[in-house]
Amino acid sequence: MPTPVTINIPHHLGQAEARRRLEEGFGSIQQNMTGGFMGMVSWEKRWENDQLHFEGGALGQTISGSIHVLEHAVQIQINLPDLLASIADRMKASLQKQTQRLLGEK
C-alpha cells in the first residue's frame with residue numbers, strides 16, 4: 001500500500017507566479033522524489049487548472065501525486081511505494097527545502 005506524504009508550503013508570490021516557478025522547476029522536484037534515480041524513472045504529468053498531477057515509474061515501482069498551487073500556499077501530495085516509504089521523512093524534508101527554494105522571493 002502506498003505511503004502518502006503531504007507538504008504545505010506558504011508563499012507570497014500569488015498563484016500565477018508560484019505556478020510559473022513550479023512549472024519551470026519541476027525537474028528538480030522530480031529529482032528529489034527519485035532519490036538520484038532520475039534517469040531510470042519515466043514521468044507523466046498534466047495540469048488541471050492550478051493542480052499538477054504526476055506519476056513516475058521504474059523497476060515496477062510507482063510514485064504518484066499532485067501539486068496544488070493556491071494563492072498563498074502550495075500543497076504537495078505524494079504517494080510513495082513501499083520501497084521508498086522508509087525514506088519518506090528524508091524525502092519530505094528535501095522536497096520542502098527544494099520547493100521553498102523555487103518559491104523564494106526574487
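Every residue in region 1-32 that is among the hydroxyl-bearing types (S, T, Y) and modelled with pLDDT under 90, please. The answer is T3, S28.
Residues satisfying the criterion are absent from region 86-103 (criterion: assigned to a loop (DSSP other than H, G, I, E, B), modelled with pLDDT under 80 and buried (at least 16 other Cβ atoms within 10 Å of the Cβ)).
The values are calculated or read from the model by the stated rules, or taken from the named source; none is laboratory data. Worth saying up front: this structure is predicted, and the values here are computed from it rather than measured. No Cβ is skipped: glycine too gets one built from the backbone with ideal geometry, and neighbour counts run over all protein chains shown.
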